[in-house]
Amino acid sequence: MDDFLRKLLYRRFEVGRFQVTVLDLLLAVCITGTGVMLRKSVMEYTPVTLLKWIRMGLDFVMAGLGAGYIALRTESKNKTILTYALLVIWPVFIANSALWGKSGVYSGIILILGLLAWERGMKLVGLEAVAAAVFLTALELPGAEEGSLLTLGWPNFFELTGKTMFVDLYSKVAWMLILGFLCCGVYVMWKGNVRPGREIFLPILLFLAILVPYLAPFMPAWAGYGADVLAVLFAVTAPEKFYVPMLHVVVSYSAYAFALNGESKLPMAVYSVILLVLLLDVGAYVYRLVAEQAEERLDSWQQM
């Protein structure tokens, strides 16, 4: 009997490019069950609707797509399973769909589909998917009419400069500043003849997903959802950056808690500083990749 169970647990199946055992499948089932129970424990804090059930179900679709992206990117079974587990049990994703009933999972799925398309060489489709995710998120933003504060829950730059002063002026300047940063980034990549490849596309998206909500006015508490999704995938592909999703989820969950309960363990300005540190860290990582790629192209030209 023992030999039978041992052979059964370690029996291998071909799933895509991986050799998967029954033990791996049992692990996936346990992870899924854990995700279900975690969502069930908090879903009744807000009204339970059919739409909330659909969004909770889509959380697992997003986790599966994220695992597929990592499988394609790293060709590592362990990293694929790890990604699925993280996306299933990540507190922010549970809170967004099950606790708060928000629709961040739609944008998360589209973002990952964009990454998958880019990874398969369909760059135009990937960019279109990212643009669709941004547009879908923009439709959900509350806007300035919700109040007279420059931030509506997300601990961005205005937690440091002041949320109530010169609201109209700062809100316009902020968008001009974001546009300026984007133009500078495009110019640097064009000047260095850098073509975003599979290694740099994800870090660039993560940088922008942190930058835009950090500088943009009237950002709600869930404005960092996209960055949370990308940060998890980023850490799996670059393990030395494991602290990025860990710090970002602390900020996101604290913003959720403050929006729902009106309480925060630390002043929101502290979380704003954490986001600034993450922004500079990911920005330095992206710049290093761009500089390396530009240097490689320059060397290849000189050798011709």
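Okay, here's what the table says:
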read-out: Residues satisfying the stated conditions in the stretch 178-211, i.e. open to solvent by 40 Å² or more (accessible area, probe 1.4 Å), touching a helix residue (DSSP H, G or I) at 6+ places or on another chain (Cβ under 6 Å) and modelled with pLDDT of 75 or more; value: Phe207
read-out: Filter pass, Leu5 being aliphatic (A, V, I, L, M), at pLDDT 90 or above and open to solvent by 30 Å² or more (accessible area, probe 1.4 Å); value: no
read-out: Single residue of Thr34, Thr80 found to be within 21 Å of Asp228 (Cα to Cα), in contact with a Ser or Thr (Cβ under 8 Å, 6 or more places away or on another chain) and touching a residue at least 40 places away in the same chain (Cβ under 8 Å); value: Thr80
read-out: Matching residues, the stretch 87-106, being within 20 Å of Leu202 (Cβ to Cβ) and surrounded by fewer than 22 Cβ atoms within 10 Å (Cβ to Cβ); value: Tyr106
read-out: Candidates Asp59, Asp168 - the one that is of a type outside the set (Ser, Thr, Tyr), assigned to a helix (DSSP H, G or I) and touching a Ser or Thr at 6+ places or on another chain (Cβ under 9 Å); value: Asp59
read-out: Test set (1) at pLDDT 90 or above; (2) in contact with a Gly (Cβ under 9 Å, 6 or more places away or on another chain); (3) among the acidic types (Asp, Glu); (4) over 23 Å from Ile110 (Cβ atoms) - Asp281 fails condition number; value: (2)
read-out: Top-ranked residue of the stretch 234-277 - restricted to ones that are in contact with a helix residue (DSSP H, G or I) (Cβ under 8 Å, 6 or more places away or on another chain), assigned to a helix (DSSP H, G or I) and small (Gly, Ala, Ser), ranked as surrounded by the fewest Cβ atoms within 10 Å (Cβ to Cβ); value: Ala269
read-out: Residues located in the stretch 62-118, provided they are farther than 22 Å from Val251 by Cα and part of a loop (DSSP other than H, G, I, E, B); value: Glu75, Ser76
read-out: Pair list, Cβ < 6 Å and 6+ apart or interchain, from the stretch 125-144 residues that are closer than 15 Å to Leu113 by Cβ to residues that are open to solvent by 40 Å² or more (accessible area, probe 1.4 Å) and assigned to a helix (DSSP H, G or I); value: Ala129/Ile110; Ala129/Leu113; Ala132/Ile110; Ala133/Ile110; Leu136/Tyr106
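The values are calculated or read from the model by the stated rules, or taken from the named source; none is laboratory data. What you see is a predicted model; the values in this text were computed from it and never measured. Every residue, glycine among them, receives a Cβ derived from its backbone with ideal geometry; neighbour counts consider all protein chains shown. Side chains are part of the model used for accessible areas, which takes the heavy atoms of the whole protein and leaves out ligands, DNA and RNA. Shrake-Rupley method; radii C 1.70, N 1.55, O 1.52, S 1.80 Å.
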